[in-house]
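The structure appears below as structure tokens.
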Amino acid sequence: MDEWHDFFLAQAGAAGVLTGLVFVAVSINLQQIVSDPGSGLPGRAAEALILLVGVLTASVLLLVPGQGQVMVGSEVLLVGLLTWGCVVTIQLLRLRSWGTMRPDLRRPFVLRVALGQIATLPLVVAGICVLVGGLGGLYWLVAGMIFSTLVALFEAWVLLVEINR
């Protein structure tokens, strides 16, 4: 795990800073985000925060020294499942309004669902791979962290910039 220290330290720092960015974006545009319940913007904000907090949590947990393979795999799997479960729950709640959703919001919602899966499922796969096969499974975690960060940045962009167009 020593070889991974710098990576997880960098991820924890980046996720912490980006979480702050999302909070700022939400606070700046809070009135617009909550004023149109049909827009799905509150869910987007929550998903961005959940993705970044998942990266932050996994990184911090994996910086704890002296952990064995089972502990590392269990931590990654738990964070992955919680992150995936929260994102899916938010999206399922939004999906219930599909029939009344504005047609121009349907395609972005489908993209949001796909991106949520691409961001979170590698975290779950990483936990399983570490438990079953060893620390090489952490490379799935790299993919999940990168995708989670990119998807959260995309959501932050929508909440900070696109909302004002």
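The values are calculated or read from the model by the stated rules, or taken from the named source; none is laboratory data. All figures in this text were calculated on a predicted structure; none of them were measured in a lab. Here the Cβ is made from the backbone with ideal geometry for all residues, glycine too, and neighbour counts use every protein chain on show. Ligands, DNA and RNA are excluded from the accessible area calculation, which covers all protein heavy atoms including side chains. Shrake-Rupley method; radii C 1.70, N 1.55, O 1.52, S 1.80 Å.
From Thr19, Thr83, which residue is at pLDDT 95 or above and of a type in the set (Ser, Thr, Tyr)?
Unique residue meeting the criteria: Thr83.
Which one of Leu159, Leu141, Leu153, Leu123 is open to solvent by 30 Å² or more (accessible area, probe 1.4 Å) and either in a helix (DSSP H, G or I) or farther than 18 Å from Gly54 by Cβ (or both)?
Unique residue meeting the criteria: Leu153.
Only residues in the stretch 74-87 that are closer than 13 Å to Ala46 by Cα count as the first member; pair them with residues that are crowded, with 17+ Cβ neighbours inside 10 Å and among the small types (Gly, Ala, Ser), Cβ under 7 angstrom, at least 6 apart or cross-chain, and list the lot.
Taking only residues 6 or more apart or on different chains, the pairs are Thr83/Gly54; Val87/Gly116.
Only one of these is open to solvent by less than 40 Å² (accessible area, probe 1.4 Å), part of a helix (DSSP H, G or I) and farther than 21 Å from Met145 by Cβ: Gly73, Gly38, Gly20, Gly80. Name it.
Gly38
Looking at the stretch 68-88, which of its residues are more than 15 Å from Ala48 (Cβ to Cβ) and of a type in the set (S, T, N, Q)?
Gln69, Ser74
Restricting attention to the stretch 23-35, which residues are surrounded by 16 or more Cβ atoms within 10 Å (Cβ to Cβ) and assigned to a helix (DSSP H, G or I)?
Of everything in the stretch 23-35, those that are surrounded by 16 or more Cβ atoms within 10 Å (Cβ to Cβ) and assigned to a helix (DSSP H, G or I) turn out to be Ala25, Val26, Ile33.
Do the conditions hold for Ser59, that is, is it within 30 Å of Leu131 (Cβ to Cβ) and in a helix (DSSP H, G or I)?
yes
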